[in-house]
Amino acid sequence: MVESLDAAVGEVLAALRRSGQEENTLVLFASDNGGERYSYNWPLSGEKFVLLEGGIRVPAIVRWPARIDGHQVSHVPNFSPDWTATLLEVGGARPDPAYPLDGTSLAGYLLKGERPRERDLFWRVRAKRALRRGDWKYYRNEGATTTSTTSPPTPANRPIWRPTGPSCSPS
């Protein structure tokens with residue numbers, strides 16, 4: 001699957017290059033969730049449909065040669081709805097006020113080096129809940145019978161806070 005995706009992205013980039021649109025086209029690749037159950041997510045724990053880091057910490061790759069310097073790595077937390085807000089702003093469009101966006105535009109951060117505003121990020125999947133605040137993450141699994149091996153045993157329905165961030169240990 002990854003090999004096919006890589007080849008397809010290569011075809012898109014080659015077509016942009018051939019058409020002369022490569023420099024002024026924003027290309028975004030963002031995964032919607034962590035790997036499925038047979039994926040290797042080490043050092044993160046969790047996978048698709050799990051709100052541990054391995055299920056929600058996913059890559060986002062942005063390429064826009066005319067506006068964004070290449071070979072950068074960012075540890076700014078973001079989530080999929082941020083890309084809708086970002087693409088609308090970059091394209092000069094505004095969301096309909098009757099349908100407010102859940103995400104926050106990253107355009108100022110990406111294009112002008114502005115500091116992104118701090119905010120909480122929330123996830124919910126079935127009986128699981130997660131909140132990311134700065135370098136901390138709150139996780140609750142109301143249907144769990146076990147907890148993560150990286151923290152001391154807690155009652156299964158008791159929420160836990162643990163540090164997270166670019167160099168966190170597995171969650």
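The values are calculated or read from the model by the stated rules, or taken from the named source; none is laboratory data. Remember, it's a predicted structure, so these values are computed and weren't measured experimentally. Don't worry about glycine lacking a Cβ; one is built from the backbone with ideal geometry, like all the others, and counts go over all protein chains shown.
The table that follows gives values for the structure above.
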{"item": "Selection count where residues are on the phi > 0 side of the Ramachandran plot and under 18 Å from the mean Cα position of the chain (by Cα), scope the range 111-138", "result": "1"}
{"item": "Number of the exception - TYR40 against (1) of a type outside the set (Lys, Arg); (2) in contact (Cβ under 8 Å) with a residue 24 or more places away in the chain; (3) in a loop (DSSP other than H, G, I, E, B)", "result": "(2)"}
{"item": "Residue match in the range 76-95 (condition: in contact with a helix residue (DSSP H, G or I) (Cβ under 8 Å, 6 or more places away or on another chain), within 25 Å of ASP135 (Cβ to Cβ) and of a type in the set (S, T, N, Q))", "result": "yes"}
{"item": "Odd one out for THR146, checked against (1) within 21 Å of TRP42 (Cα to Cα); (2) modelled with pLDDT under 85; (3) touching a strand residue (DSSP E or B) at 6+ places or on another chain (Cβ under 8 Å)", "result": "(3)"}
{"item": "Residues of the range 71-112 classified as aliphatic (A, V, I, L, M) and assigned to a loop (DSSP other than H, G, I, E, B), total", "result": "6"}
{"item": "The range 38-75 - residue that is of a type in the set (Val, Ile, Thr) and either at pLDDT below 90 or over 19 Å from VAL27 (Cα atoms) (or both) and, of those, surrounded by the most Cβ atoms within 10 Å (Cβ to Cβ)", "result": "ILE56"}
{"item": "Any chance ILE68 is part of a loop (DSSP other than H, G, I, E, B), free of Cβ contacts under 8 Å to residues at least 60 places away in the same chain and touching a strand residue (DSSP E or B) at 6+ places or on another chain (Cβ under 8 Å)", "result": "yes"}
{"item": "Hits in the range 42-95 (condition: over 14 Å from ASP32 (Cβ atoms) and aromatic (Phe, Trp, Tyr))", "result": "TRP42, TRP64"}
